[in-house]
Amino acid sequence: MMIDTGLFTVAVFQDAAWAAKALDALKQAGFPPEGTTILAKATEDATALVEKTFGRPGDRIELGAIGAAVSHGPLVAALQGTVGDLPTLGLAGTMRRAGFQAHDGRIFETLVGRGGVLVAVRSEPRAADALALFHSYGGGNAAIGAWSGRV
C-alpha cells in the first residue's frame with residue numbers, strides 16, 4: 001500500500017546535544033517546526049530535546065527493536081501508516097512508507113537503538129538543503145527518502 005507521505009530527509013545524530021545543534025540550524029534556515037520529526041530512545045536528554053524543540057512533551061511509543069522511545073512529528077505518523085503497526089514492525093519494517101529502502105530502516109533502527117537521535121524534515125523543495133545541513137552537523141546516514149520501489 002502506498003501512502004503519500006511527502007518527501008522526508010532523515011539523519012541520525014550521535015546524541016541529543018548534536019541533534020539540538022542541527023535542530024537549531026534547521027530553525028535558523030527557515031525550516032518550519034511542523035515539518036520536523038524527532039525519534040529517540042526515551043532518555044531524559046531526548047525527552048528534554050523534544051519538549052524544547054516543540055514546546056510540548058513527545059509521544060511515548062514502544063518499538064520492538066529499540067524499546068521505549070519518545071517521538072514527535074509527521075514522520076512518525078507516516079511510519080504508523082493506516083494500520084498503526086510501527087510498534088511491531090519498527091523502523092526497519094516501516095521506513096519504506098517514507099521512501100527509504102528496507103536496509104535504510106535497519107540502519108536507522110540500529111543507530112537509534114544505540115542511543116542516536118533521528119531527526120527528519122518534510123520539505124521536498126528544500127530536501128537537498130536539509131541534507132547538506134544534516135551532514136554539516138554530523139548527521140549519520142543522512143538521506144532523502146525518494147525510493148518508490150519502481151525501477
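So, of the residues in segment 124-148 that are aliphatic (A, V, I, L, M) and in contact with a helix residue (DSSP H, G or I) (Cβ under 9 Å, 6 or more places away or on another chain), which turns out to be surrounded by the fewest Cβ atoms within 10 Å (Cβ to Cβ)? So that I can check it myself, show each step before the final result.
Residues of segment 124-148 aliphatic (A, V, I, L, M): 127-128, 130-133, 142-144, 146.
In the following step, the residues that additionally are in contact with a helix residue (DSSP H, G or I) (Cβ under 9 Å, 6 or more places away or on another chain) were identified as 130, 133, 142-144, 146.
Values: ALA130: 30, LEU133: 22, ALA142: 21, ALA143: 21, ILE144: 18, ALA146: 13.
Checked segment 124-148; the qualifying residue surrounded by the fewest Cβ atoms within 10 Å (Cβ to Cβ) is ALA146.
Scan segment 97-123 residue by residue and report those that are more than 26 Å from ALA48 (Cβ to Cβ) and either in contact with a strand residue (DSSP E or B) (Cβ under 8 Å, 6 or more places away or on another chain) or crowded, with 19+ Cβ neighbours inside 10 Å (or both). Steps first, answer last, please.
Of the residues in segment 97-123, the ones more than 26 Å from ALA48 (Cβ to Cβ) are 97, 99-106.
Scanning segment 97-123 gives ARG97, GLY99, PHE100, ASP104, GLY105.
Got a number for residues in segment 120-151 being of a type in the set (A, V, I, L, M, F, W, C), more than 17 Å from LEU86 (Cβ to Cβ) and outside any helix (DSSP H, G or I)?
Filtering segment 120-151 for residues of a type in the set (A, V, I, L, M, F, W, C) gives 120-121, 127-128, 130-134, 142-144, 146-147, 151.
Next, only the ones that are more than 17 Å from LEU86 (Cβ to Cβ) stay: 121, 127-128, 130-134, 142-144, 146-147, 151.
Within this subset, residues satisfying the condition of being outside any helix (DSSP H, G or I) are 121, 142-144, 146-147, 151.
Summing the residues that are of a type in the set (A, V, I, L, M, F, W, C), more than 17 Å from LEU86 (Cβ to Cβ) and outside any helix (DSSP H, G or I) in segment 120-151 gives 7.
Name the one entry in VAL76, VAL83, VAL50, VAL70 that is β-branched (Val, Ile, Thr), buried (at least 22 other Cβ atoms within 10 Å of the Cβ) and out of contact with any His (no Cβ under 6 Å at 6 or more places or on another chain). Walk me through it before giving the result.
Values: VAL76 fails: buried (at least 22 other Cβ atoms within 10 Å of the Cβ); VAL83 fails: buried (at least 22 other Cβ atoms within 10 Å of the Cβ); VAL50 fails: out of contact with any His (no Cβ under 6 Å at 6 or more places or on another chain).
Criteria check complete, one pass: VAL70.
Are any of the residues in segment 98-115 in contact with a Ser or Thr (Cβ under 9 Å, 6 or more places away or on another chain) and without any contact (Cβ under 8 Å) to a residue 24 or more places away in the chain?
Start the filter on segment 98-115 by keeping residues that are in contact with a Ser or Thr (Cβ under 9 Å, 6 or more places away or on another chain), which leaves 98-99, 105, 115.
Okay, now just the ones that are also without any contact (Cβ under 8 Å) to a residue 24 or more places away in the chain, so 105.
Yes - at least one qualifying residue is present in segment 98-115.
Pick out the one residue from ALA42, ALA48, ALA68 that is within 15 Å of the chain's Cα centre (by Cα) and over 23 Å from LEU7 (Cα atoms). Reasoning before the result, please.
On the way: ALA48 fails: within 15 Å of the chain's Cα centre (by Cα); ALA68 fails: within 15 Å of the chain's Cα centre (by Cα).
The conditions single out ALA42.
Taking into account only those residues within segment 93-122 that are under 24 Å from ALA22 (Cα atoms) and among the small types (Gly, Ala, Ser), which is nearest to the chain's Cα centre (by Cα)?
By that ranking, first place goes to ALA120.
Have a look at ALA65, ALA22 and point out the one that is of a type in the set (Gly, Ala, Ser) and at pLDDT 95 or above.
On the way: ALA65 fails: at pLDDT 95 or above.
Of ALA65, ALA22, the one residue that is of a type in the set (Gly, Ala, Ser) and at pLDDT 95 or above is ALA22.
The values are calculated or read from the model by the stated rules, or taken from the named source; none is laboratory data. Given the structure is predicted, the values throughout are model-derived calculations rather than measurements. Counting neighbours? That spans all protein chains shown, and the Cβs are built from the backbone with ideal geometry, glycine included.
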